[in-house]
Amino acid sequence: MLLSAASRCIALLGLVAMLSCSAYAGVVLEKRGLPMNFSWVACQPNCRSWVSAVGIITAETPSDFDAFAHDHQLKGETIVLDSSGGSVNDAIALGQRFRALEMVTTVGGTVLTPSARGERAHVSPEAYCESMCVFLLLSGKSRYVPERAHVRVHQIWLSYCADNARAASYTADDLTTVERDIGRLAKYTFDMGGAGDLLSLSLNVPPWEDLHELSPEELRVTNLITTDNAAPLGSPNASPVELSPKSLQDLFVSTVAAASAGQE
């Protein structure tokens, strides 16, 4: 599934996920196939609201977020991600905006259910954050991934030949573009406090293979999560409890070495 809208934009690939409830899944999948949309989910009067971000990251997404942020006070707010990825460079630009606002990031799908007082909003953990969405998750000042959420990574590739990557022909300019954007992604990863393991896991999965779903241990090793204890959004005490911060040395722990140690 090609996720980038720009003809020469490098993109990460994502898989379409089937959710347990078919009616809900149909709505979610439809939204995830469209350009990313931002919506404010009000939770009143005594609980914490959040931002829902659903869809593909395109060239217009950073400016769409700027317009959304102009109408809302987003400093320190939580953004709930449900996305199959998209443009590398635009995801980087968007993630930098999230970090500047010190936003909290998590994975989930916003669900509205009828109640005696009207519609009640809650976040379903049955959601997917794939490809470049994973690097948006990394941009949060605090980051939380529910147990039933799926975080998947994949190699970056030239969008116009990703559908038939093994048979396509590549020029020196193509390789230069790939190398340049890998460099940008690497700098962004470390700027956001991520570990080299995240790049290693992502860049080892070619576009003709299924995305790699990060295990709970890999979520920790890559430094994608900073807390594993957060009250549900919509509750009065919806704030994350931070894990102990990782040292700089911890950020460079090799996933391969950790796996080898586990086999001994």
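Could we say that ALA167 is farther than 30 Å from PRO125 by Cα, modelled with pLDDT under 90 and outside any helix (DSSP H, G or I) here?
So ALA167 passes the test.
Take the conditions within 30 Å of ARG117 (Cα to Cα), modelled with pLDDT of 75 or more, of a type in the set (Gly, Ala, Ser) and surrounded by 22 or more Cβ atoms within 10 Å (Cβ to Cβ) and apply them to ALA53. Does it pass?
yes
For the range 126-139: of the residues being within 15 Å of SER52 (Cβ to Cβ) and assigned to a loop (DSSP other than H, G, I, E, B), which is modelled with the highest pLDDT?
Top of the filtered list is ALA127.
I'm told ARG117 meets every condition in (1) basic (Lys, Arg); (2) within 26 Å of LYS75 (Cβ to Cβ); (3) open to solvent by 20 Å² or more (accessible area, probe 1.4 Å) except one. Can you identify the failing condition by its number?
Just one mismatch for ARG117, condition (2).
ARG143 is checked against (1) closer than 25 Å to ASP197 by Cα; (2) not in a strand (DSSP E or B) and fails just one. What number does that condition carry?
Answer for ARG143: the failing condition is (2).
Output yes when any residue across the range 49-60 is under 27 Å from TRP208 (Cα atoms), polar (S, T, N, Q), assigned to a strand (DSSP E or B) and within 13 Å of the chain's Cα centre (by Cα), and no when none is.
no
Can you pull out the residues in the range 214-230 that are surrounded by 19 or more Cβ atoms within 10 Å (Cβ to Cβ) and assigned to a strand (DSSP E or B)?
Selection gives ALA230 alone.
Residue check: is ILE156 farther than 29 Å from CYS43 by Cα and either among the hydrophobic types (A, V, I, L, M, F, W, C) or more than 11 Å from the chain's Cα centre (by Cα) (or both)?
Considered against the rule, which asks whether it is farther than 29 Å from CYS43 by Cα and either among the hydrophobic types (A, V, I, L, M, F, W, C) or more than 11 Å from the chain's Cα centre (by Cα) (or both), ILE156 comes out as yes.
I need every pair where a residue in the range 95-115 that is more than 14 Å from CYS129 (Cβ to Cβ) and acidic (Asp, Glu) has its Cβ under 8 Å from the Cβ of a residue that is open to solvent by 40 Å² or more (accessible area, probe 1.4 Å) and modelled with pLDDT of 90 or more, sequence separation at least 6 or different chains.
Note: pairs meeting the criteria are GLU102/LYS75; GLU102/LYS141.
Looking only at the range 170-200, which residues are in a helix (DSSP H, G or I), of a type in the set (A, V, I, L, M, F, W, C) and either open to solvent by less than 80 Å² (accessible area, probe 1.4 Å) or in contact with a Cys (Cβ under 7 Å, 6 or more places away or on another chain) (or both)?
Passing the criteria: ALA172, VAL178, ILE182, LEU185, ALA186, LEU198, LEU199.
Between residues in the range 169-189 that are under 14 Å from VAL88 (Cβ atoms) and of a type in the set (A, V, I, L, M) and residues that are at pLDDT below 95 and not in a helix (DSSP H, G or I), which pairs lie under 8 Å by C-beta distance while being six or more apart or on different chains?
If the second residue must be at pLDDT below 95 and not in a helix (DSSP H, G or I), the pairs left are VAL178/ILE10; VAL178/ILE156; VAL178/TRP157; VAL178/LEU158; ILE182/ILE156; LEU185/ILE156.
The values are calculated or read from the model by the stated rules, or taken from the named source; none is laboratory data. On a predicted model such as this, the values are computed, not experimentally measured, just so you know. Here Cβ is always computed from backbone atoms with ideal geometry, including for glycine, and neighbour counts include all displayed protein chains. Accessible surface areas use protein heavy atoms only, side chains included; no ligands, DNA or RNA. Shrake-Rupley method; radii C 1.70, N 1.55, O 1.52, S 1.80 Å.
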